[in-house]
Amino acid sequence: MLLFALALLLAILQPSTGQFPRVCANVQSLLSKECCPPWDGDGSPCGELSSRGSCQNILLSQAPLGPQFPFSGVDDREDWPSVFYNRTCRCEGNFMGFNCGECKFGFSGLDCTERQVKTRRNIFQLTASEKNKFLAYLNLAKNIPSQDYVVATGTYAQMSNGSNPMFRDINVYDLFVWMHYYASRDTLLGGSNVWRDIDFAHEAPGFLPWHRVFLLMWERQIQRITGDENFTIPYWDWRDAEDCEVCNDEYMGGRHPTNPNLLSPASIFSSWQVICTRSEEYNSQQALCNATSEGPIRRNPGNNDKSRTPRLPSSADVEFCLSLTQYESGPMDKMANYSFRNTLEGFADPQTAISNPAQSGLHNALHIYMNGSMSQVQGSANDPIFVLHHAFVDSIFERWLRRHRPMLEVYPAANAPIGHNRENYMVPFIPLYRNGEFFKPSRELGYDYEYLQEPALQSFQDFLTPYLQQARQIWAWLVGAAVLGGIVTAVLTGLIRACRKKKGGTSSEIQPLLIESEDYNNISYQSNF
């Protein structure tokens, strides 16, 4: 009965975020290259009559890309989403959505003027009822079709450049699995040729912002289909874990009693079917994943290749990663050294920050450790542990942002791998989001993490940390400047006093060189490094 009621609720909810809006997956929209659906509130495209937004040409970044992808015009994801649409809704103010019918992340209310910050919590801190509700929400998402979005089952060329649309329905959970696949799939070059060194969501600067948007969208979709506007994704803090603490039937599914690669029949997730896991098959057929079922979730935690991933990440690994001051470096891919992003993603050693793709650290270590569906990049989101894991990875990203307080300019504007420059739109999201828009503190996006809500004193210490680190680097200069300043001040003071004694006073028409003591005490000075 609950499932039926929630399914009924879904039909009347406003659209949310996803891949191809259903209303734009047709011949007219593809041939005109325009996706500007009407907002139900006033019936006008993009809610223009209500000043929510308007239909505009897409402004693509012209910044140069890195050398990793030596082709042009062979992949539908290049200059996303211009192959499919070159006009979409540009929303105003705090409005968002493919038809400007939603509020931006962090805002709510009829006019999207009410700020809100929700808290993501440790899954082990949830009450039994809260935990069971989370599991039920996951299962509901797996069994309810998306009302607003469809997925592409062919390339634009296979769609005869728009005259033969190839889309299909998909359930809410698998919509996100498919999006993760589509962003990370190989480029189909024709014949049996593919290009593997391409990924719009991994191995480059956009890894953390992309997954941040992914989780925000997923979180909002669950809120929509359940009517639970207070829902937030829980996280699994895996630091120093000796094994997979969530891999039991009380949480995300235990081990099958006779087949260690499958989930326990007592878990609701044992009946789930995966999609988009057969990349070599798609490549050989020069086809896209069509979102058909491909078997059960596979997971055999801990029985992975120990030479590549000997253990789960430690607290020391995380702390070292957080100490890195550069967000990105060098080629800005998986070979980057001393890069916070590359170290957190797991392609650099978490004790030295030197690139070593043969080993898997931090984020990557969890995927490899699960030894199953989670361990293949394109289909990894099939395992619901994915959202718990990435919520915690995002919290580490958030800690780094709060500790180092980078300017937006820290995120690379040019020469990153394809799709990862600051102004590039993220593949395959519609409405459109730029990478740089999510290189900001989570509280500005409407959420926080329970374990990061520290006492005021600790927050003050975190605020001072980057400045103290800078001060340590230039302490000798500071001491020298202080000594020199003291000498200069003493000399000037002596000269001024001598001049005063010589003149014996100051005419009322002549302004004094120094401010009178009463005024002097009312002025505050601020020095800038």
Count of residues meeting criterion [part of a helix (DSSP H, G or I) and within 14 Å of the chain's Cα centre (by Cα)] in segment 400-438: 6
Please work out if residue 107 is at pLDDT 95 or above, among the aromatic types (Phe, Trp, Tyr) and open to solvent by less than 30 Å² (accessible area, probe 1.4 Å). no
Go through the residues of segment 63-85 one by one and say whether even a single one is touching a helix residue (DSSP H, G or I) at 6+ places or on another chain (Cβ under 8 Å), modelled with pLDDT of 95 or more, crowded, with 19+ Cβ neighbours inside 10 Å and of a type in the set (Ser, Thr, Tyr). yes
Being open to solvent by 20 Å² or more (accessible area, probe 1.4 Å), modelled with pLDDT of 55 or more and of a type in the set (A, V, I, L, M) narrows it down to one of 456, 482, 416, so name that one. 482
(1) under 30 Å from residue 333 (Cα atoms); (2) surrounded by fewer than 22 Cβ atoms within 10 Å (Cβ to Cβ) all hold for residue 174 apart from (2)
Would you confirm whether or not segment 309-326 contains a residue that is of a type in the set (S, T, N, Q), in contact (Cβ under 8 Å) with a residue 12 or more places away in the chain and within 30 Å of residue 165 (Cα to Cα)? no
Being under 26 Å from residue 126 (Cα atoms) and open to solvent by less than 40 Å² (accessible area, probe 1.4 Å) is the filter here, so list the residues in segment 271-291 that pass it. 272
Give me a count of the residues in segment 271-308 that are of a type in the set (S, T, N, Q), touching a residue at least 40 places away in the same chain (Cβ under 8 Å), more than 17 Å from residue 152 (Cβ to Cβ) and in a loop (DSSP other than H, G, I, E, B). 4
Segment 439-453 - residue that is within 16 Å of the chain's Cα centre (by Cα) and not in a loop (DSSP other than H, G, I, E, B) and, of those, surrounded by the fewest Cβ atoms within 10 Å (Cβ to Cβ): 444
Just to be sure I understand, how many residues within segment 142-171 are on the phi > 0 side of the Ramachandran plot and either open to solvent by less than 50 Å² (accessible area, probe 1.4 Å) or among the hydrophobic types (A, V, I, L, M, F, W, C) (or both)? 1
Could you please find all residues in segment 29-87 being of a type in the set (A, V, I, L, M, F, W, C) and within 25 Å of the chain's Cα centre (by Cα)? 35, 58, 59, 60, 63, 65, 69, 80, 83, 84
Applying the selection to segment 338-348, what residues are open to solvent by 20 Å² or more (accessible area, probe 1.4 Å) and within 20 Å of residue 392 (Cβ to Cβ)? 347
Within segment 1-54, can you find the residues that are modelled with pLDDT of 50 or more, part of a loop (DSSP other than H, G, I, E, B) and closer than 22 Å to residue 93 by Cα? 36, 37, 39, 40, 41, 42, 43, 44, 46, 47, 51, 52
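Every residue, every condition in (1) open to solvent by 10 Å² or more (accessible area, probe 1.4 Å); (2) under 26 Å from residue 291 (Cβ atoms); (3) out of contact with any Pro (no Cβ under 9 Å at 6 or more places or on another chain), yes or no:
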| position | (1), (2), (3) |
| --- | --- |
| 181 | no, yes, yes |
| 189 | yes, yes, yes |
| 199 | yes, yes, no |
| 217 | no, yes, yes |
| 226 | yes, yes, yes |
| 235 | no, no, yes |
| 240 | yes, no, no |
| 253 | no, yes, no |
| 262 | yes, yes, no |
Of the residues in segment 236-275, those that are within 24 Å of the chain's Cα centre (by Cα) and under 24 Å from residue 143 (Cβ atoms) come to 236, 246, 252, 274, 275
Could you list, in sequence order, all residues of segment 86-103 that are crowded, with 18+ Cβ neighbours inside 10 Å and closer than 26 Å to residue 187 by Cα? 88
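The values are calculated or read from the model by the stated rules, or taken from the named source; none is laboratory data. Just so it is clear, the model here is predicted, and its values are computed rather than measured. Using ideal geometry, Cβ is built from the backbone for each residue, glycine included, and neighbour counts are taken over all protein chains shown. The protein model used for the area step is the full one, side chains on, heavy atoms only, and it has no ligands, DNA or RNA in it. Shrake-Rupley method; radii C 1.70, N 1.55, O 1.52, S 1.80 Å.
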